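A short reminder: the numbers here are calculations on the coordinates, not readings from a lab. From a predicted model like this one, the values you see are computed outputs, not experimental measurements. Reconstructed Cβ throughout: ideal geometry from the backbone, glycine too, with neighbour counts over all protein chains shown.
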Amino acid sequence: MIPKAIPLKDEAMFALAMRHSSAAPRPVTDSYERLEFFGDSVLGLVIAQFLYEHHQDWDQGMLSKAKSSVVQERPLAEVALRIGLDRYLELSPSEEATGGRKRPSILADVVEAVIGAIYLESGLETARWFILEQLHSDLMRISSGDVNPDDHKSKLQEISQQLWRQTPQYRVIREFGNAHERRFVVQVALDDEVIGEGTGRSKKEAEQAAAADALAIIESHRRFTSVVHDRFE
């Protein structure tokens, strides 16, 4: 049975959105991964349009920070728990045993998969309604000016724009582990120069780790430069 909060009728589509790759006979086609990929883009579009239309005095940097504070793991995982998606997750026994049902990265993924499923069944307007309804409190929070996300990707993007006027690019360079214990290795680069690397149980988690690594390197370099400058000034 599909939760009432989700405007979706296709039971098979909902089941697919709830199936983790660890429980899928064919991880790519029989799990939520492709729906998640699609839903992530729909989510980003809807939030970007909302912010663009409702905050006409915000510049690109402010809009980017605001979007990042909503389109991230924590708010999406909270949505999943609030509407009870954790109860519908289909996981392998090993993933279940290691806490997968409450893992924020998985919960965030299934919300994006549900968004993708809603769009495919009913179109953009229905998906937009669901997104804005479920993320209403977060959108009100940032409308009050609280747009300081605590995620490393947002911090790295802000610093990169300020110092070099560039946007960090993330790429998966390696995957390893069994289907139900997959790990991703991600590198982050500026102008094709790798500035950080991280590993995680999901691509989002690995991207956050890579951004944290890059921030640590940048901070270390800035401190070194400052010390040298002070010493020889």
Subject >> With Cα atoms, 0 to 90° folded angle of helix 152-164 axis to the chain main axis >> reply: 40 degrees
Original post:
Given H placed 1.01 Å from N in the peptide plane, which residues other than close sequence neighbours of VAL194 have an amide H under 5 Å from its amide H?
Top reply: none
Original post:
To the nearest 20 debye, what is the magnitude of the charge dipole of the chain about its Cα centre, counting +1 on the Cβ of each Lys and Arg and -1 on the Cβ of each Asp and Glu?
Top reply: 360 debye
Original post:
Quick one: if you take sqrt(5λ) for each eigenvalue of the C-alpha gyration tensor of region 67-136, what semi-axes come out, biggest first, whole angstrom?
Top reply: 23, 14, 9
**OP:** Please name which of LEU89, SER68, GLY99 has its Cα lying farthest along the dipole of region 11-146 towards the positive end, using unit charges on Cβ (Lys, Arg +1; Asp, Glu -1) and the Cα centre as origin.
**Re:** GLY99
**OP:** Distance from a point 7 Å along Cα→Cβ of PHE176 to each backbone N in region 184-203: keep the residues under 16 Å and list them by number.
**Re:** 184-187, 197-202
Subject >> Length-normalised contact order for the chain - Cα pairs under 8 Å, 6+ apart - percent >> reply: 18 percent
Original post:
For region 11-146, what is the per residue volume of the convex hull drawn over the alpha-carbon atoms, in cubic angstrom?
Top reply: 101 Å³
Original post:
Can you list the residues, at least 5 places off or on another chain, whose amide H is less than 5 Å from the amide H of SER92, using H built in the peptide plane?
Top reply: SER22, ALA23
Original post:
Angle between the Cα long axis of helix 73-82 and the longest principal axis of the chain, 0 to 90 degrees, nearest 10?
Top reply: 30 degrees
**OP:** At q = 0.11, 0.14, 0.15 Å⁻¹, what is the base-10 log of I(q)/I(0) for the chain according to the Debye formula with one equal point scatterer per Cα and no solvent? Please give it to two decimals.
**Re:** -0.61, -0.94, -1.06
Subject >> Most mobile of ALA216, ALA48, ALA117 in a GNM of the chain (Cα contacts under 10 Å) >> reply: ALA216
Original post:
Given only helices, namely DSSP H runs of n ≥ 4 each adding -39500 (n - 2.57), what is the per-residue ellipticity at 222 nm of the chain, to the nearest 500 deg cm²/dmol?
Top reply: -18500 deg cm²/dmol
Original post:
Between LEU124 and ASP192, how many nm apart are label points set 7 Å from Cα along the C-beta direction?
Top reply: 3.4 nm
